[in-house]
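Okay, structure first, notes after.
The values are calculated or read from the model by the stated rules, or taken from the named source; none is laboratory data. Because the structure is a prediction, the values reported are computed rather than measured. All Cβ positions, glycine included, derive from the backbone under ideal geometry; neighbour counts span all protein chains shown.
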């Protein structure tokens, strides 16, 4: 009997020791954030234009600044914003402004040129100066004055612009930003959302059965749904509790969280085509980082309770820390710029991108808050 008790005690101590070794401290996480972000900024002294890929990095950089208060990070985003004159697309001729896909100065109303406003507003909140938000107010107010509601016709756009609307609401107190956010979101839902799966297609041309995976299945792009899942978290962060349409966003957020639990891979990542892992198998970091961030934010703010959500978040983080993060601070396994899961496309440890680093920093920063609690 004494032998059995001793054996049981040793087993308990062994399990506790494993658990302790698996835990990560806030200081360790801050070191990871610094390693990744310093590596990116040192190797990219020119922060680039204000298009979506650079701007998505800065949404992560500002979260990293928030949890570390490292002035180097704020200065880097301030330099980027200043070099771009606190604008997205630069045209001042409203008669030529466009909102379909485009990378010219006239595509002012295209959401990929508006995500920069998230960071400009964040920088304004740190050190107010009207120049930082003037263009954001001009563009979004003009957009809302038009009769159109189809500005967000692709999944990425929901991450790019939804948080701009809630940030402007928080800045001004004017509920019109929330009402237009809701109106534009409902249009996006009408063309991209699939009720049965509770997921979003990348855009209308990928709706099943018009488009299928190589194995004939519904093809939901991980990064596309990652943009939305992370975007919903950012929206709920700034949307008031008593806003009349808040439950619509909460329900989508919770529904997606339940579905994503079922398709997470055993190593913690999500494959590029969520419901068909064989379509484009293997590690992928950008979608995984956005999902991990979304889970962590939901846990930290009381939306997701129970061990299954914590388990998904910790598995996602373990992948990001142990597989995506390379020894020199590079973030690998990021699917290149695109709009779908491409069968046969090579994504390896050398595959990195600004938006992927930004997604990693979002997740890492929220992980800091998780362990801090």
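Details
- Boolean, residue 233 is under 20 Å from residue 368 (Cα atoms), part of a helix (DSSP H, G or I) and at pLDDT 95 or above: yes
- Per-region count, segment 162-209, residues within 22 Å of residue 146 (Cα to Cα), assigned to a loop (DSSP other than H, G, I, E, B) and either out of contact with any helix residue (DSSP H, G or I) (no Cβ under 8 Å at 6 or more places or on another chain) or free of Cβ contacts under 8 Å to residues at least 24 places away in the same chain (or both): 2
- Residue in segment 236-243 that is at pLDDT 95 or above, assigned to a helix (DSSP H, G or I) and exposed (fewer than 15 other Cβ atoms within 10 Å of the Cβ) present: yes
- Candidates 120, 201: the one that is buried (at least 23 other Cβ atoms within 10 Å of the Cβ), farther than 23 Å from residue 77 by Cβ and modelled with pLDDT of 95 or more is 201.
- Residue under evaluation residue 89, criteria (1) surrounded by 23 or more Cβ atoms within 10 Å (Cβ to Cβ); (2) in a helix (DSSP H, G or I), criterion not met: (2)
- Out of 34, 27, 53, one residue alone is within 17 Å of the chain's Cα centre (by Cα) and more than 25 Å from residue 130 (Cβ to Cβ). It is 53.
- Per-region count, segment 298-341, residues over 20 Å from residue 267 (Cα atoms) and either crowded, with 17+ Cβ neighbours inside 10 Å or out of contact with any helix residue (DSSP H, G or I) (no Cβ under 9 Å at 6 or more places or on another chain) (or both): 10
- In summary, residue 335 fulfils each of the numbered conditions (1) over 18 Å from residue 70 (Cβ atoms); (2) in a helix (DSSP H, G or I) with the single exception of condition (2).
- When residue 368 is tested against (1) touching a residue at least 60 places away in the same chain (Cβ under 8 Å); (2) closer than 22 Å to residue 200 by Cβ, only condition (2) is not met.
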